[in-house]
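Some notes on the structure that comes next.
No value in this document is a laboratory result; all are computed from the given coordinates. Since the model is a prediction, treat every value here as computed from it, not as a measurement. No Cβ is skipped: glycine too gets one built from the backbone with ideal geometry, and neighbour counts run over all protein chains shown.
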Amino acid sequence: MTETIKKEIISLPQVKEILESVKPDDMDQIQRWTADYVSKFAKVSAKEAQKMTRRLVEECDLTEEEAAEVVNVMPVSLEELRAFTFGWKKLILTDNLEKMLKILRPDTQS
């Protein structure tokens, strides 16, 4: 049985980076499935994901969990972002949604 050292909310790109440091032969079946999944669906680097998550929390008043979810999905339009955040049961104004989209565009990162 494995002992939990700490719990932390991380994005798919961060999971990918962690699993890339493990040899495939040392992974169990679930870790291999997870590595396969994140290799297909992580859309930015772990460093970019961390930066985006931090900015979403600081600048858009999201929780870490909400920010990680948004980075995992990487919506590209206001409509897609609005549909995604609708399930959070909190009102997010259009100005804030537009700010979130700007943060999610890797070419606008500074």
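Miscellaneous remarks
- Residue within the range 55-72 that is closer than 13 Å to Ser11 by Cβ and not in a helix (DSSP H, G or I) present: yes
- When the range 73-97 is filtered for residues that are in a helix (DSSP H, G or I), surrounded by 13 or more Cβ atoms within 10 Å (Cβ to Cβ) and not basic (Lys, Arg), the ones remaining, listed by number, are Val73, Leu78, Glu80, Leu81, Phe84, Thr85, Trp88, Asn96, Leu97.
- The set of residues in the range 40-76 being without any contact (Cβ under 8 Å) to a residue 12 or more places away in the chain and polar (S, T, N, Q) consists of Thr63 alone.
- Candidates Thr34, Thr53, filtered to the one that is within 17 Å of Lys102 (Cα to Cα) and crowded, with 17+ Cβ neighbours inside 10 Å: Thr53
- Matching residues in the range 64-98 - criterion: being of a type in the set (Val, Ile, Thr) and more than 18 Å from the chain's Cα centre (by Cα): Ile92, Thr94
- Qualifying residue in the range 100-109 (condition: over 14 Å from the mean Cα position of the chain (by Cα), touching a residue at least 40 places away in the same chain (Cβ under 8 Å) and not in a helix (DSSP H, G or I)): yes
- Residues of the range 1-53 satisfying the condition of being under 10 Å from Val71 (Cβ atoms) and part of a helix (DSSP H, G or I): Leu12, Pro13, Gln14, Glu48, Ala49, Gln50, Lys51, Met52, Thr53
- Lone unmet requirement of (1) surrounded by fewer than 20 Cβ atoms within 10 Å (Cβ to Cβ); (2) in contact with a Phe, Trp or Tyr (Cβ under 8 Å, 6 or more places away or on another chain) for Val70: (1)
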